[in-house]
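Encoded as structure tokens, the structure appears first; notes follow it.
Laboratory data are not the source of any read-out in this text; all were calculated from the coordinates shown. Treat the numbers as computed from the prediction; the structure is a model and nothing was measured. Cβ coordinates were reconstructed from backbone atoms using ideal geometry, including for glycine residues, and neighbour counts include every protein chain displayed.
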Amino acid sequence: MSGWTEIKGRAVALAQSNIDTDQLIPARFMSAPRTDGYGDFLLHDVRQDDANHILNRYTNVDVLVTRRNFGSGSSREAAVYALVDFGIKAVLAPSFGDIFRSNAVNNGLLPAQLPEADIEDLIAAIGDDDVGATVDLSTSTVRIAGQELSFDLDPVWRKKLVNGWDDIDLTSQHNDGIQAFRAARFAAHPWALPTS
Amino acid sequence: MSGPQTLFSKLWTSHEVTRRDDGTSLLWVDRHLVHEGSHHAFAKLQSRGMSVAAPDLTFGVVDHYAPTRSGEVASDIRRMIDTLGRNARAQGIRLFDLRDPGQGIVHVIGPEQGLTLPGLLINCGDSHTSTHGAFGALAFGVGATEVAHILATQTIWQRRPNTMRMTINGALGPAVTAKDLALHWISILGADGARGHAIEYAGPAIRAMSMEARLTLCNLSIEGGARLGLIAPDQQTFDYIKGRNFAPKGTDWERALQDWSALATDEGAAFDQEVTIDANDVAPTVTWGTSPEDALPITGRVPDPAIMSGAKGQHARASLDYMGLEPGMALDAISIDQVFIGSCTNGRIEDLRMAASVLKGRKAKVPGLVSPGSAAVKKQAEAEGLAQVFTQAGLEWAQSGCSMCVGMNGDRVKSGDRCASSTNRNFKGRQGRGARTHLMSPAMVAAAAVSGHLADVRPLLEGRT
Ligand code: SF4
């Protein structure tokens, strides 16, 4: 996966709270191989029921602005695949589901946390249109709807997004430590090994 | 650091392989549970030409796509199940497949098989992995990239969450269950109220709970946004584990008991947040909306979005629109089309006993499906005569699996239909496209079944339990 530092693109607002992963991708699509592309599955049922849905009217979207508890619910990483394959690279919201956030970072999608008041201002400013947006990871800022806002981002996550890093590579340098940990753990706590 | 420690802190520290300067820890994983949905992770592993680092600590189970009714199995479902079987065989992983007597929902069979033990770190690519915390294990759900990482290294990078102690004082009333307690606290704190936190549940009401009830409570931690839930193990925990399939035996058992007795929060240890709930305040609770936080006592009324503020009002309006409900309606006047009893939240034997005690000698006014949480629960329920109670009431008795909790196997609620359900998510479309889900305890589902509408189970159980 390749990393990124800055995106300049289009943003839309989805003025809803609690958009859960079951809405982001209905379960029935999750058996598809990733190579098929998951973009069409994004908010599939919601979009099909509402021809006027913002993501039907605008399909060239890089940044999504939305309300609290985005990506709550199931651990399905497919919810992130659907956003990424649709073309979205950053989601701005007051809060995210914890597992969703780490899944996002593992796939190059920025979950940028902003104060609720800023999000409400943005939603009001963007309305039903699309607007230009620039997201800069190096400064943790987003320029959107005539405002410059800064978001919270874990420094490790920033590094991962910028470099497109894969944890497995990072971890392999600890292989010896892991092997030693395993040996010590089961020597001290033999009950921790499954029997039978 | 040698001051008083929380249970969480003890568990975390004892699994830390290393910690980076930025504070992220590399944690050792004692048990890794995989299911059909893990196919993305196996594919990632394969694409890197790697194999599973610790097959002896990895266990697979067919549950999410498990067919629970007889008849032809759709080809994409068959493919999902076969793919897991192929990956498990290739990597030497013990698999509980469809015909295995140990098969069941991953979070039901972990404890049942003695794979879930106090003091372990348990991961699974499923958000309800928090369930296993009921045994004093550090258990949390992860995504596919992380599953691949655990398969490859038997470790996971994690930032240490904050801690929250939720003390439950008093006692739950008759027919009021751990499910009601969970919906109650989530309705107070919100679906993201415990976000970024590890919750330790404590207090007299927790000590009084059965292992089954504790599993239900920890299971629902994620619906309040928590990373995980925890309960310090006690004699009841040890009694539950003893003699189970993969549990320690002989001298290992004695060593285990010694280690486990230290698994409690020390007097004076500090939490980032303290929450206190009075169990006496909890009534049988149902959801009316499309988030688990949209929950109220069954004696209440559908709220009015017009008197709720901004975003909250908008959420409520959208929820009621989807749910087809009017503000101000009495909750027990909401008629239903069907019921479902099952899932990792409420598919254990105690749940089925409770539902059966309501249904015994009564007829359901609507159709419904009962899917036991595991093959072992199914067998026991049949031996105890519970299965007969369900079928005599007119409900369908099925095989074990995730079934109508998520609908992946084809057990779905029809669009527009309203289901009283013992599951954990009332999200839009969770039980099927357009399905309307009301969450509640299995006893409350049974009450709804015999009433044809949402109903208070308490009068129906008078003189019964
Ligand atoms: S029963 Fe439902 S919540 Fe539990 S593991 Fe299965 S799909 Fe997930």
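If you go through region B:399-416 and keep only what is away from the ligand (no atom under 13 Å from the Cβ) and either in contact with a His (Cβ under 8 Å, 6 or more places away or on another chain) or not charged (D, E, K, R) (or both), you end up with B:GLN399, B:GLY410, B:VAL413, B:SER415, B:GLY416. Scanning region B:354-375 for residues that are over 18 Å from the mean Cα position of the chain (by Cα), within 27 Å of B:ARG214 (Cα to Cα) and away from the ligand (no atom under 16 Å from the Cβ) returns B:ALA356, B:SER357, B:VAL358, B:LEU359, B:LYS360, B:GLY368.
Could you tell me how many of the residues in region B:143-187 are more than 21 Å from the chain's Cα centre (by Cα), more than 9 Å from every other protein chain (Cβ to nearest Cβ) and surrounded by 24 or more Cβ atoms within 10 Å (Cβ to Cβ)? Write out each step before concluding.
From region B:143-187, those more than 21 Å from the chain's Cα centre (by Cα) are B:145, B:148-160, B:162, B:169-171, B:173-174; that's our starting set.
Within this subset, residues satisfying the condition of being more than 9 Å from every other protein chain (Cβ to nearest Cβ) are B:150-151, B:160, B:162, B:169-171, B:173-174.
Among the residues that remain, those that are also surrounded by 24 or more Cβ atoms within 10 Å (Cβ to Cβ) are: B:150-151.
Qualifying residue count, region B:143-187: 2.
Within region B:241-287, if we keep just the residues that are part of a strand (DSSP E or B) and not hydroxyl-bearing (Ser, Thr, Tyr), the residue that is surrounded by the fewest Cβ atoms within 10 Å (Cβ to Cβ) turns out to be B:GLU274.
Evaluated against (1) of a type outside the set (Gly, Ala, Ser); (2) without any contact (Cβ under 8 Å) to a residue 60 or more places away in the chain; (3) part of a helix (DSSP H, G or I); (4) within 24 Å of A:TYR38 (Cβ to Cβ), A:PHE100 falls short on exactly one condition, (2).
Given the structure, is B:PHE96 under 18 Å from B:GLY125 (Cα atoms) and within 11 Å of another protein chain (Cβ to nearest Cβ)? Even if it seems obvious, please write down each step before you answer.
Values: under 18 Å from B:GLY125 (Cα atoms): yes; within 11 Å of another protein chain (Cβ to nearest Cβ): no.
For B:PHE96, the condition - under 18 Å from B:GLY125 (Cα atoms) and within 11 Å of another protein chain (Cβ to nearest Cβ) - is not met.
Report yes if B:ARG195 is in contact with a Gly (Cβ under 7 Å, 6 or more places away or on another chain), closer than 30 Å to B:SER51 by Cα and away from the ligand (no atom under 16 Å from the Cβ), otherwise no.
Details: in contact with a Gly (Cβ under 7 Å, 6 or more places away or on another chain): yes; closer than 30 Å to B:SER51 by Cα: no; away from the ligand (no atom under 16 Å from the Cβ): yes.
Considered against the rule, which asks whether it is in contact with a Gly (Cβ under 7 Å, 6 or more places away or on another chain), closer than 30 Å to B:SER51 by Cα and away from the ligand (no atom under 16 Å from the Cβ), B:ARG195 comes out as no.
Restricting attention to region B:17-56, which residues are in contact with a Lys or Arg (Cβ under 6 Å, 6 or more places away or on another chain) and within 11 Å of chain A (Cβ to nearest Cβ)?
B:THR24, the sole residue that qualifies.
Candidates are the residues of region A:175-187 that are surrounded by fewer than 17 Cβ atoms within 10 Å (Cβ to Cβ) and within 9 Å of chain B (Cβ to nearest Cβ); the one that is farthest from B:SER14 (Cα to Cα) is A:ASN175. Would you check if there is a residue in region B:113-128 being in contact (Cβ under 8 Å) with a residue 60 or more places away in the chain, more than 8 Å from every other protein chain (Cβ to nearest Cβ) and among the acidic types (Asp, Glu)? Within region B:113-128, none of the residues are in contact (Cβ under 8 Å) with a residue 60 or more places away in the chain, more than 8 Å from every other protein chain (Cβ to nearest Cβ) and among the acidic types (Asp, Glu).
The number of residues in region A:146-189 being among the β-branched types (Val, Ile, Thr) and in contact with a His (Cβ under 6 Å, 6 or more places away or on another chain) comes to 1.
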